[in-house]
Ligand SMILES: [Zn+2]
């Protein structure tokens, strides 16, 4: 299965031989016949955190592409040497200026609509106190939205995340 977002590389990052595509584990994968390198092209993990306050969810409006003008839950990429929960705490601090406590994982979703690649979004629910202080370079504003009145433009699968979370709360 290939998607328009699938990355193509020409040369082996280990030995610089030209990569070819062959069938490995029933998938058509780029690999190196000289050193055995296989480009598995796995999705990258990202984290997002839902903070609810008096029935409203905190969201940020993106000021940069991709998804400029769309609302998101605070979050981002997990560093190579970082626990996902630590990444969620770090990203929330960087983007919204708040120290949060993680309560639990809500779910994990495949994000297939991001031009940077395919991601697995691990979504947490947490608590925070205080007033957000935005990273003004990446975000235009923040807002608290009632769980049943979300903004029109929401990036990734964050609308689905919030709707499912709301269902669980009321079941
Ligand atoms: Zn190689």
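The values are calculated or read from the model by the stated rules, or taken from the named source; none is laboratory data. As the structure is a computational prediction, the values presented were derived from the model and not from experiment. Using ideal geometry, Cβ is built from the backbone for each residue, glycine included, and neighbour counts are taken over all protein chains shown.
Just to be sure before I move on: is residue 66 away from the ligand (no atom under 16 Å from the Cβ), closer than 30 Å to residue 128 by Cβ and surrounded by fewer than 13 Cβ atoms within 10 Å (Cβ to Cβ) in the structure I sent? Let's see the steps before the verdict.
Working: away from the ligand (no atom under 16 Å from the Cβ): yes; closer than 30 Å to residue 128 by Cβ: yes; surrounded by fewer than 13 Cβ atoms within 10 Å (Cβ to Cβ): yes.
Yes, satisfied.
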Residues of the range 24-35 satisfying the condition of being within 11 Å of the ligand (Cβ to nearest atom) and either touching a helix residue (DSSP H, G or I) at 6+ places or on another chain (Cβ under 9 Å) or under 23 Å from residue 117 (Cα atoms) (or both): 30, 31, 32
Residue match in the range 36-46 (condition: closer than 19 Å to residue 93 by Cα and either within 16 Å of the ligand (Cβ to nearest atom) or surrounded by 13 or more Cβ atoms within 10 Å (Cβ to Cβ) (or both)): yes
Some residue of the range 93-102 being surrounded by fewer than 19 Cβ atoms within 10 Å (Cβ to Cβ) and in a helix (DSSP H, G or I): yes
Residue match in the range 4-12 (condition: crowded, with 16+ Cβ neighbours inside 10 Å, modelled with pLDDT of 95 or more and within 16 Å of the ligand (Cβ to nearest atom)): yes
Residue in the range 60-76 that is part of a loop (DSSP other than H, G, I, E, B) and free of Cβ contacts under 8 Å to residues at least 12 places away in the same chain present: yes
Residue 133 vs. criteria in the same structural domain as residue 88 (by TED's automatic domain parsing), modelled with pLDDT of 95 or more and not in a strand (DSSP E or B): yes
Odd one out for residue 121, checked against (1) farther than 15 Å from residue 67 by Cβ; (2) in contact (Cβ under 8 Å) with a residue 24 or more places away in the chain; (3) surrounded by 12 or more Cβ atoms within 10 Å (Cβ to Cβ): (1)
Only listed residue being within 16 Å of the ligand (Cβ to nearest atom) and touching a strand residue (DSSP E or B) at 6+ places or on another chain (Cβ under 6 Å), chosen from 21, 16: 21
Total residues in the range 75-98, condition out of contact with any strand residue (DSSP E or B) (no Cβ under 7 Å at 6 or more places or on another chain) and either outside the structural domain of residue 58 (by TED's automatic domain parsing) or under 23 Å from residue 142 (Cα atoms) (or both): 5
